[in-house]
Structures are given as C-alpha cells and as structure tokens.
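The values are calculated or read from the model by the stated rules, or taken from the named source; none is laboratory data. Note that the structure is predicted; figures quoted are calculated from it, not measured. A quick note on method: Cβ atoms are made from the backbone with ideal geometry, for glycine too, and the neighbour counts reach across all protein chains shown. Protein only, heavy atoms only, side chains kept; ligands, DNA and RNA dropped before computing areas. Shrake-Rupley method; radii C 1.70, N 1.55, O 1.52, S 1.80 Å.
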Amino acid sequence: MRQINFTYDDIHTALASLHRIRYSITATLSFRSLLHIYLSGISHHQAQMLLEEIDKILPDIPRIGISEFPTCFEPKKVSIKFNIIISDDSEFYTFYLPCKRGTEKEAANKLIQSIRSIYNVKALEICSANQEVDTHTFIETIGEEYPDIEIFGSLAKPARITEKGLQKSDDSFCLGQKIYSDGYTVIVYAGKHLEVFLNYIQSWRPIGREMSFKLEEQPLLGASGVCEIDGVPAIDVFLKYLGVPCDENFLRNSWYFPLILTRNDINICLTPIGYRGLTIYYGCRLYEDEHIQFAYCTREEIIDASIEECKKITALGPEALMLIICCNRFAFMGSYEQQEFEHYKACHSEFIYCHSYGEIAYQKKRGGMLNSALVSIVLREANKLQEVQPQSDFFSTPKLRKFSNSTIPLSFIISHFFHQMTLDLEDYQNSLEEKVKEISHENENLSLHIVQTLADTIDAKDRYTNGHSSRVAAYAKEIARRYGYKKKDVDNIYIVGLLHDVGKIGIPDYVINKKSKLTPDEYNAIKEHSVIGAHILNNIKEMPNLATGARWHHERYDGTGYPDGLKERIFLRSQGLLPLLTPMMP
C-alpha cells in the first residue's frame, strides 16, 4: 500500500495536476485506488467543475471528501487537497445514502444490506454535510451489526446560527462520485490482509461540578439548543463562570473552556456553532438526562498526547496515515499545530489531514459524533508471516510532562491546578454522599426502633396477643423476601406488619382484655380498631400503604371480613400478605 499527497492553493493548478495524479496511479500497475478530496474556500459550482474534470481523467476511482472548515477561519483562502491511497490487494467501495432527519436507522440498514456481500470488511469512512440528521444514531446502528470494524469520518462545514438567524452558504457539501448536500457518502475498506487502526485523542479534562441542562423544544438546523444550564440561561453561565460576554467574540472565547460530557466512557467536547438570544447551539446531539461540565487543557498537553500517539503509529509501521482534526481544536492550537504536524510527518511523510466541523470515531460500540478532537487512522497491508502489532488504545491521555529546564509553563500549572481541584471536589462530594447515606441509615434505624417500640406498646395493651404485631411483621417480611420482592418493598411490608393493629389504642382496655365472651356491641367496638388505625396512619403521607394495611388487614377473600367486606379483592403488594397472615396468627 502506498499513499501520495497533493496540496494546492489555486483551483487551476489543481485541475492541471490531475494528469500527474493519474500517472502516479497507473505507474504502480494497480487498479485499487482511493481518492480523498478536501476543499476549503471553494464554492459548490467550482467543486462541481473539479469533479467533472476528475471524471474525465480519473474515471471509476472511488472517492470521498468534504468541504473543510476554512483554514484559520479565512473564508476566501483556497485549499485543495488530493490524497491517493494505492492498494496491493485491498478493495474500496463507494456508497451514497440519502438521509433526512428521522430516517437514520433506515439509511444505516440499507448500508448494512449492501455490504453483506463484501468479504473482509475492515473499516467504514463516513462523510456528511447535513447537520440536521442524527449521525450518532446512524453509526450506532451500523456498529451494532458490525462491532469489530472501525468507523471514522468527518462532517463538512455547517451553516451558522447567529442573532440574525440561520446563515447558509453554498460551500458546505460532501463528495463522492457526485456532490451531495444531504445524506452520507461512505467508503468501505475491505481486504484479507488490510489492517486499520483507529485512535481518538481528546486531551480536554473536565473541571468543576456536573451540571444539568434544558434543551430548546424546536432547535434550528437539527442542532441541540441549550437554553438553560442548572436553571440559569445558558449564555449567562459563560459570563458568570468564565467572564465570557455575549458579543461577536463569544464563539472564539468559549473554545478555551468548552463543555464536556461523558458518553459510552468517552469524553465528548461541546463547542458552540452559534447562539441566539439566551440559547447556545451545539452540533452534537444532546439528551436531557445527561450532565455536562466545563473542561480545560493546555496546548502543551495536546502536543504531549500527540507525541504518545505518534510513538504508537510508528510502532505499527503505517503505509497510509490520515488525520481528522476538529476546526475549533485547530483554532485553539494556533501556531502549535505546525509543531504537532512535525511529529506526524516523522511517522509518515505523506499523511493527509482535514479540518472538519465534527469528527466520527466509533470502535467496539464506543464513541460516535465527537468534537474538539484529533482522530488518527493508520492503514497497512500485512502479509501472512508478518507479526501483527497490538492495536492502540482507543482513548489516549497525556502523561505528566517533563520539562528540560525544570521551568514549568504557567499554562500547564493552571491546567494541573484546575484538574486537581476538580478531583478534590469530586472526592469531597463523594465523602458527603457517603456521610448522607450513613446518616440516612442511622435515621432509618432510629425510625424503625420507634415503630418497633410503638408496636410493642400496642401489643402490651392486649395480654392475649402480646407480641402478635412483631410476629405478623416477621412472617410477612420473610414471605415477601422469598417471593423475590425488592428490598424496599420487603422493608415496607415489615413496617405495615408492625403497625397494622395501631388502632387498638382507641379501644377500651376492659373490652380488649375481657375474659368472658364479648357482647355484640363489644365485638363491633373491637372491629373499629382497623378503621381507627387507618385514620391514625393516614397522616403519614410518605407511606400511604400503612393506612391501607391497617384498614384492610381483617378483610377476607370470601367477603366475610371487615370493615368493608371486600370480596376477591387484589391487594396492593405492600399489604397484600396481611389479610392472609392475620387470621392465622395468635
């Protein structure tokens, strides 16, 4: 396998170079080639003209690409990148999948059906220009069917959301055999000896506490509109905690402290694509049961993570190397990016990179649509006798940096401080939670002790049935346990058992302890204890079943019980054992 990289800053020069690219491919006597095209500062019309020329000079070669986010955020700067991967025995297959919002699973299943006839599928590369579709659902559906293949890709430059509304442009598209503004262009990598190694570098570390958020009901462009964070207008949270005001520089200033959430054990950074009013918009699909934190890192830490990644790449012996870099990460790195690139050039001088709006990295049901990251993809064709290197970790974290002159930069110190402060706060929060659990357990024990004492007092009032409540409670608890009830339900049944006769407090002692046979009036008075008990326990709103258990514990399934003469009644779980137990127990 070989990789050849061509970069131009003028469309006419790029067009003229196509014959040279064709010669590079035919000189290898190989018909197994793949063309990557990354364009920046090129309109839809110019891109169409470029593809038409490619069709004439390089017909039938599978191709994929996107319109990059403009380098250095200079919309007029032209950048045209061609990357050729020439294979010895691997195959590349192109698919285009139309997709609208709500049809992501359908599109994914169509792709699954299409690639079932392809042998030795090792990876999928996905490009998209439609932010309205839920790409995470699309790739997750594929990953469920093919958990052992690598899935990677990129999202083209989206439209912008501003105070003036939605600003669309004609220079956002993905490339395949044609130009597409919606759906997905997919390349299938297949080959018996093909090996693909995917890694996702995300050096941002969460700081501060976790925060809940509220989403806008009808977000623009399919983005997630965060209107509140911890009950505060989202735009105000950045001003309160970071001092970042809502002005024309809001987006750029927020890159230094992006939000971060953890999903499938992967940290995903969230950088805004725009704001309107008090709402901030994010391209990543968010769900309100998740939590977010602020995050921070230094440029030095990102460099360190890349150095460690380059060591792994070199050990793999790459024959082709591709990097997908988030546009806001590039902006954050500034001049440091060239320093970072030098390390990757040492791994493979012909590597290709693109600046995407969002990155796709999915491996073994982890990852998804990401942000603020660098995704590296290593390709090689190993022969049967070649020793296979162990796969690199999907999640790279920087090691503690060592400085040659022992002088630690202030930015690193600040980052380390924030990170350690967050860890300390998390430890403190965990200790508080444990203390709360301990106090709650003590209160539960105290409450149970009070209930037990009350039950003993009630039973002591009736010398004939002394200890009856405790026995009913014990038997009910054991039966519930053996029936597989949850611990909470078992505990509730036990308390209902202890207090089911609490109404005896309202019955005269001479009636309860009468040695001779009760008169009809006295027997009716005895039966009132279930109603009295229900009235007493009805004030305990936290456990409504206490009152129900007290009122119905003398009901019978044949309808001969009291006070309501219920017949064939299905009792609630928390007191349903009592009507069975009470008549049988002394």
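Things to note:
- Some residue of the stretch 451-460 being touching a helix residue (DSSP H, G or I) at 6+ places or on another chain (Cβ under 8 Å), open to solvent by 60 Å² or more (accessible area, probe 1.4 Å), modelled with pLDDT of 80 or more and part of a helix (DSSP H, G or I): no
- Which listed residue is open to solvent by less than 10 Å² (accessible area, probe 1.4 Å), over 19 Å from the mean Cα position of the chain (by Cα) and of a type in the set (S, T, Y), from Y200, Y189, Y241: Y189
- Subset of the stretch 513-532 [of a type in the set (S, T, N, Q) and part of a loop (DSSP other than H, G, I, E, B)]: N513, S516, T519
- Residues of the stretch 35-57 classified as among the hydroxyl-bearing types (S, T, Y), farther than 30 Å from G317 by Cα and either free of Cβ contacts under 8 Å to residues at least 60 places away in the same chain or in contact with a Phe, Trp or Tyr (Cβ under 9 Å, 6 or more places away or on another chain) (or both), total: 1
- Only one entry of I280, I235 meets the criterion of being modelled with pLDDT of 85 or more, in a helix (DSSP H, G or I), surrounded by 14 or more Cβ atoms within 10 Å (Cβ to Cβ) and not charged (D, E, K, R), and that entry is I235.
- One residue stands out among those in the stretch 549-578 that are open to solvent by less than 40 Å² (accessible area, probe 1.4 Å) and within 14 Å of Y494 (Cα to Cα): the one that is modelled with the lowest pLDDT, which is S574.
- For R32, the conditions (1) within 19 Å of E319 (Cα to Cα); (2) in contact with an Asp or Glu (Cβ under 9 Å, 6 or more places away or on another chain); (3) open to solvent by less than 60 Å² (accessible area, probe 1.4 Å) all hold with the exception of (3).
- Among the residues of the stretch 208-223, at least one is on the phi > 0 side of the Ramachandran plot and in contact with a Phe, Trp or Tyr (Cβ under 7 Å, 6 or more places away or on another chain).
- Any hit, the stretch 26-36, residues being part of a helix (DSSP H, G or I), modelled with pLDDT under 90, more than 26 Å from S154 (Cα to Cα) and not acidic (D, E): yes
- Looking at E308, E342, just one residue is charged (D, E, K, R) and without any contact (Cβ under 8 Å) to a residue 24 or more places away in the chain, and that residue is E342.
- Flag if A107 is of a type in the set (A, V, I, L, M, F, W, C) and either out of contact with any helix residue (DSSP H, G or I) (no Cβ under 9 Å at 6 or more places or on another chain) or open to solvent by 70 Å² or more (accessible area, probe 1.4 Å) (or both): no
- Between G274, G317, the distinction of being small (G, A, S) and within 23 Å of the chain's Cα centre (by Cα) belongs to G274 only.
- N264 being surrounded by fewer than 22 Cβ atoms within 10 Å (Cβ to Cβ), of a type in the set (S, T, N, Q) and on the phi > 0 side of the Ramachandran plot: yes
- Filtered residue count, the stretch 88-141, keeping only those that are assigned to a helix (DSSP H, G or I) and hydroxyl-bearing (S, T, Y): 4
Condition check ((1) assigned to a loop (DSSP other than H, G, I, E, B); (2) touching a residue at least 40 places away in the same chain (Cβ under 8 Å)) across all residues:
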{"position": "G208", "(1), (2)": "no, yes"}
{"position": "Q218", "(1), (2)": "yes, no"}
{"position": "P245", "(1), (2)": "yes, no"}
{"position": "N253", "(1), (2)": "no, no"}
{"position": "I268", "(1), (2)": "no, yes"}
{"position": "I273", "(1), (2)": "no, yes"}
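- Some residue of the stretch 120-139 being farther than 18 Å from G283 by Cα, touching a Lys or Arg at 6+ places or on another chain (Cβ under 8 Å) and either in contact (Cβ under 8 Å) with a residue 12 or more places away in the chain or exposed (fewer than 15 other Cβ atoms within 10 Å of the Cβ) (or both): yes
- Residue tally, condition modelled with pLDDT of 85 or more, part of a helix (DSSP H, G or I) and open to solvent by less than 50 Å² (accessible area, probe 1.4 Å), over the stretch 308-328: 5
- Taking every residue in the stretch 223-236 that is under 16 Å from L261 (Cα atoms) and among the hydroxyl-bearing types (S, T, Y) and pairing it with any residue that is assigned to a strand (DSSP E or B) and open to solvent by 10 Å² or more (accessible area, probe 1.4 Å), at least 6 positions away or on another chain, the pairs with Cβ-Cβ distances below 7 Å are S224/L215.
- Scanning the stretch 204-232 for residues that are hydroxyl-bearing (S, T, Y) and open to solvent by 10 Å² or more (accessible area, probe 1.4 Å) yields a count of 1.
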